[in-house]
Amino acid sequence: MDIVKHGSQDHALGTVSAQRMIGSRGVGGAGGGEVQPTNLPLIFWRGRWIILLFVAIAIAGGFYYLSKQTPFYAASSRVLVESGGAKVISIDLGNTSRSANYLATQCELIKSATILKTVSELPELRSMKTFAGVDSPMGLLRFWLSVAPGMKDDLITVTYESAYPDEAAAIVDAVVGSYKSYYASRQKTTAGEVLRVLTKEKRDRDEELQRATADVLAFKHANPSLSFASDRGNVLIGQFAKVSDALATARLDALEATAAYEAASAMKADPARIEQWLQFQGTGLVSPIRAEIEKLEIERASSPLLADSTYIKSLASRLEILKQRVATVATESFDAYLAALNQRATAAQERVTQLQRSFDEQQKDVVDLNTLEIQFATKQAAAQRLEKLCDLLDSRIKEVRLSDEAEPTNITVLEPAKAGQSPVRPKRATILLGVTVLGLMLGCGIAYLRDMTDHRLSSVDEVQSRLGLSVLGVLPHMPGGETPSVRGQKVQLDPMSDIAESYRTIRTAIYFGAPEGRTKRILVTSPAPGDGKTTSASNLAIAMAQAGQRVLLMDCDLRKPMQHRIFGIEDGVGLTSVVAGKISLGKAIKAAPTKGLYILPSGPLPPNPSEILNGQVFAQIMARLEEKFDHIVVDSPPVMPVTDARILGAFCDLTVIVLRVQKSSRRLSEHAVNSMNSVGSRILGVIVNGVPRHKNGYGYGYAGYGYGSYGARTRPTSDQAAAADAQVLEGRTSGARLPSNGSGTAAAAADKANGNGAH
């Protein structure tokens, strides 16, 4: 803010201020430095208690959740399922083909309603605690039962979870046993159909063989003189015999194909057997539909709605549509399979027809050779063919009977189910780890958000980075119970304290940091009230006086003065009294308890503080005081609320800004620095006040550091104060200047002489 001018009286002062403004940059550095990069470790360390609180809450919540959960135990059984098994018969019964998803189909079969319904109806399972009070045991079985195929082997793992480990093992064994029984019954049913067809055919062929054998014997007895010696040498007879053998084989193949077709045709009238056949084929055509049916059945079983509700009816309608679709797919697939068998039987029959035609042609060719021999050979070949066919039928019937009596050898239980020793649900370690990570993330997020929304300056490094100014020194936090008088005279009353040493450090920084001859008028201010600028001004003035300097502490806070309360001075007269001409300057200045320190209180509060500080009279008073004192420490109002500090900043050689960590805001501090720079104030640096004594992210630690002994500080007597006051008056009347030590080097030498070296 520009300095207010008041007519011709202030023209000279405005000129001086403008000249100072031109060369003011560079003493303390420009304000408004780069934004300090985010230091996440420091942010999290400052918010560590928030993070720990959220982690503790999350862990406690996790333990509470686990305490309310019922532990579940898992029992598993591993079953080897081979698609072909031991090949007992050579006829394809419809279950020996291996598809790419065969194991997946078997897993779906184990979880199908056909198997689980049988298991749920077992008396020993219905009496278990697992199913106590359950209306749909099959739905509960399907929900907790898991069947997984092996990735690189033919093993299927059947697992069931229950709150009762022994019952879980019994349920798994029951499911595996039901699957094996179902597979065996299905295999026996198919084998029985084939056995019935083969037995009927065997009976018919035996009768035909008996008639053919009797015909051969009768023909042989009727022609005793018939010679059969040339049978082997007759080429036509040999070819005829080969064709006859091929015809017999073709008829057997046609018989087998016809038997398989008839066995499949017998299954067409039973839709349930068709669906079972489709499951064992492993085509996977109806697996997605069955999965949807099972999902809807579980949803209907677990729904609390009544059976006559609209939602339950819609579920029933969807189930009926899906079941019809399964039946349609099964029927279409079985029709295709039946057509393939029919085509096979037709092809076999056509081969029989072709061989029969060749046989007839061969027979016609050899008729002319020897009718009797041909007739005998024909009858004998027919008998042999029937005999071979009967032997083959007998062998196949034995194989089918053996398969019907044997157990299914392609299902082997490798590992029976065992009761679990430790619960698998809930997963305590996973849950606790998850809630801990969740609490940690939430705590870190809250700590980060809290730090980002906190616009206060939190550390010495942040002060220096934000404002771009040198840190002259840091002041540790003072106890809250001390009076303003004790706090303002800390250097005098407690010279061995760390606070007194900090002010001596600041004094040395000012002496050696300012250009030579530019430490006469020192302004101490702050961005806002409560930052500690009044306490810093009084203690800094005491420290300078202890270095052997003539120091005047001038209270220019004409709105809320405090220096008279710190030093116990009557505030009846002061600076405003001198400006108004009511008292002389010598009478307004008071001697302080510290040798070499004098106080000029503010005096009565005026109605126009800014006009007084910007007037010609005040400028003349400052010029007179500059001649009589080595240093003038000016205590001003805060920068932001009023314009007084900016006016004083143009008068003074140096400006020191006092900030308080965890109180002074970044924006307000930057604005204060910019405001002081705008009026040409030479900002030497900042004093960081209120730094915690323990070491953390806010600044420097002070704990555990001691100092040597200092000489005793004595409060001057009233006679000494009167003598000092007389010297000031004498200097004013005679125009003589008080002795001055001038430079920082002289001040440091005085420190050493007094035993008060700055550390």
In the stretch 658-689, the residues that are basic (Lys, Arg), buried (at least 22 other Cβ atoms within 10 Å of the Cβ) and under 14 Å from residue 468 (Cα atoms): 682
Some residue of the stretch 261-269 being surrounded by 13 or more Cβ atoms within 10 Å (Cβ to Cβ), in the same structural domain as residue 349 (by TED's automatic domain parsing) and modelled with pLDDT under 75: yes
Among the residues listed as 148, 212, 163, 169, the single one being assigned by TED's automatic domain parsing to the domain that holds residue 266 and over 51 Å from the mean Cα position of the chain (by Cα): 212
Considering residues of the stretch 41-65 that are modelled with pLDDT under 85 and among the aliphatic types (A, V, I, L, M) only, the residue farthest from the chain's Cα centre (by Cα): 42
Verdict on residue 601 being surrounded by fewer than 17 Cβ atoms within 10 Å (Cβ to Cβ) and not polar (S, T, N, Q): no
Residues (closer than 18 Å to residue 77 by Cα and part of a loop (DSSP other than H, G, I, E, B)) located in the stretch 117-167: 150, 151, 152, 153, 154, 163, 164
Test: residue in the stretch 320-335 that is surrounded by 15 or more Cβ atoms within 10 Å (Cβ to Cβ) and in contact (Cβ under 8 Å) with a residue 60 or more places away in the chain: yes
Scope the stretch 379-420; condition modelled with pLDDT of 75 or more and either under 18 Å from residue 179 (Cα atoms) or touching a Phe, Trp or Tyr at 6+ places or on another chain (Cβ under 8 Å) (or both); matching residues: 379, 381, 411, 412, 413, 414, 415, 416, 417, 419, 420
All positions within the stretch 145-167 that are within 28 Å of residue 82 (Cβ to Cβ) and at pLDDT below 85: 150, 151, 152, 153, 154
One residue from 487, 507 being charged (D, E, K, R), buried (at least 24 other Cβ atoms within 10 Å of the Cβ) and either touching a helix residue (DSSP H, G or I) at 6+ places or on another chain (Cβ under 7 Å) or within 15 Å of residue 594 (Cα to Cα) (or both): 507
Unmet requirement for residue 482, which otherwise passes all of (1) touching a Ser or Thr at 6+ places or on another chain (Cβ under 8 Å); (2) more than 30 Å from residue 667 (Cβ to Cβ); (3) modelled with pLDDT under 85: (1)
Hey, residue 185 buried (at least 20 other Cβ atoms within 10 Å of the Cβ) and within 60 Å of the chain's Cα centre (by Cα) or not: no
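The values are calculated or read from the model by the stated rules, or taken from the named source; none is laboratory data. Everything numeric in this text was worked out from a predicted model, so none of it was measured. Heads up, the Cβs are rebuilt from the backbone with ideal geometry, glycines too, and the neighbour counts pull from every protein chain shown.
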